[in-house]
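Only one structure is covered here, and it is reproduced in the block below.
Every number in this text was worked out from the coordinates using simple rules, so none of it is lab data. Predicted model, so just to flag it, every value in this text is computed and none were measured. Cβ atoms come from the backbone with ideal geometry, glycine included; neighbour counts cover every protein chain shown.
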Amino acid sequence: MRVTVNGEERELQAGATVVSVLELLDVAPAARGVAVALDGEVVSRARWSQAQLRDGALVEVVSAIQGG
Amino acid sequence: MDPLIIAGRELRSRLILGSGGFDNHELLAAACREAEAEICTVALRRLPDPTHPRGSIVDVLDEVGVEVLPNTAGCFTARDAVTTAHLAREAFGTDWIKLEVIGDDRTLLPDAVELVAAAEELVDEGFTVLPYTTDDPVLARRLEDVGCAAVMPLGSPIGSGMGMCNPYNLSIIIERARVPVVLDAGVGTASDAALALELGCDAVLCASAISRAHDPVAMARAVRLGIEAGRLARGAGRIPRRRYAEASTSMAGMPALDVPAAAE
């Protein structure tokens, strides 16, 4: 299925979860200061391994940068 | 210096450091140390970090013992700001949020309507909301009324280094606020920070003046000392301004030295 991760279209297998997206981005699931929004809603870290993506899902993976 | 209390939390430092604009994380860490800051803002962006791909800013701040204050920089709507606050809470495990809702990308002035809406929603959700606002006393009161833990009026536009353009409005905010007032935006150098504390601001949030200075580490120290001087001066009480001079030396006991020529 096709999902959009941080603005880029990516191909993932059916049943992919938030953890699959993190693997795609080479982000360790234990990484500090990372948060994920799935279709505009924040997915808590505890649910990353269960939260399944739908075809066409919009995923945003964010972390801290200098700012403010 | 006496401690600053925001939302029941005691802070020794009255300088909140903004992390934006440092050339690298090492410089940020050195500035944090010299500023003796306890809190430093960070923004949230997509991974990987396009500006400083090497090393995490969270680890850097952790190393110097500075706590992260996430912001909602770049948000133009209440909805985006609220979602960004949710992401920040998840990413950093903090309920504190520096709320920015911008209304215009050239002036970076806050959008008052969206700002109050976002503040109200986030307070209801249990966030400790520190809103970046204009120097409008009515808007500051609205933000306080919806439960913000502090108000953070600008001195002048973000990154402008113009200091406090309207100290009269700021002093009205300070007089009437029941929550701490943090000068956010506009500080250009140490004296601006000193003036803010002399005026009665409880703290200063400073980013560009430090990060974009020729020597950011030295400026971090200067701004810290400016804040300390300003706070002390505020407590000491400045003399009133007068239009005419008032001699500091008494005329009593002044000797007669202008001897008339005939007596010589």
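Counting just the residues of the stretch B:44-79 that are more than 10 Å from chain A (Cβ to nearest Cβ) and outside any loop (DSSP other than H, G, I, E, B), which one comes out farthest from A:Ala35 (Cα to Cα)? Only one residue fits best here, namely B:Glu63.
Answer yes or no as to whether B:Thr41 is β-branched (Val, Ile, Thr) and either surrounded by fewer than 22 Cβ atoms within 10 Å (Cβ to Cβ) or assigned to a helix (DSSP H, G or I) (or both). Against the criterion (β-branched (Val, Ile, Thr) and either surrounded by fewer than 22 Cβ atoms within 10 Å (Cβ to Cβ) or assigned to a helix (DSSP H, G or I) (or both)), B:Thr41 does not qualify. The C-beta contact set for the stretch B:207-226 (first residue more than 14 Å from every other protein chain (Cβ to nearest Cβ), second residue of a type in the set (D, E, K, R), distance under 6 angstrom, 6+ apart or interchain) comprises B:Val217/B:Glu34; B:Ala220/B:Glu34; B:Arg221/B:Glu34; B:Arg224/B:Glu36. Summed over the stretch A:21-47, the residues that are in a strand (DSSP E or B) and in contact (Cβ under 8 Å) with a residue 12 or more places away in the chain give a count of 6. Among residues that are among the small types (Gly, Ala, Ser), more than 9 Å from chain A (Cβ to nearest Cβ) and part of a helix (DSSP H, G or I), B:Ala85 is included.
B:Leu108 meets all of the listed conditions (1) hydrophobic (A, V, I, L, M, F, W, C); (2) surrounded by fewer than 17 Cβ atoms within 10 Å (Cβ to Cβ); (3) farther than 25 Å from B:Arg9 by Cβ but one, namely (2). Looking at B:Val217, B:Val204, B:Val223, just one residue is crowded, with 16+ Cβ neighbours inside 10 Å and in contact with a Cys (Cβ under 6 Å, 6 or more places away or on another chain), and that residue is B:Val223. Out of B:Gly163, B:Gly186, B:Gly147, B:Gly126, one residue alone is buried (at least 24 other Cβ atoms within 10 Å of the Cβ) and either part of a loop (DSSP other than H, G, I, E, B) or touching a helix residue (DSSP H, G or I) at 6+ places or on another chain (Cβ under 8 Å) (or both). It is B:Gly186.
Can you name the condition, by its number, that B:Glu120 falls short on among (1) over 27 Å from B:Glu38 (Cβ atoms); (2) away from chain A (no Cβ under 14 Å); (3) not hydrophobic (A, V, I, L, M, F, W, C); (4) not in a helix (DSSP H, G or I)? All conditions are met except number (4). On inspection, B:Leu170 qualifies as buried (at least 16 other Cβ atoms within 10 Å of the Cβ) and assigned to a helix (DSSP H, G or I). For the stretch A:40-68, taking the residues that are among the charged types (D, E, K, R) and within 11 Å of chain B (Cβ to nearest Cβ), the one that is surrounded by the fewest Cβ atoms within 10 Å (Cβ to Cβ) is identified as A:Glu41.
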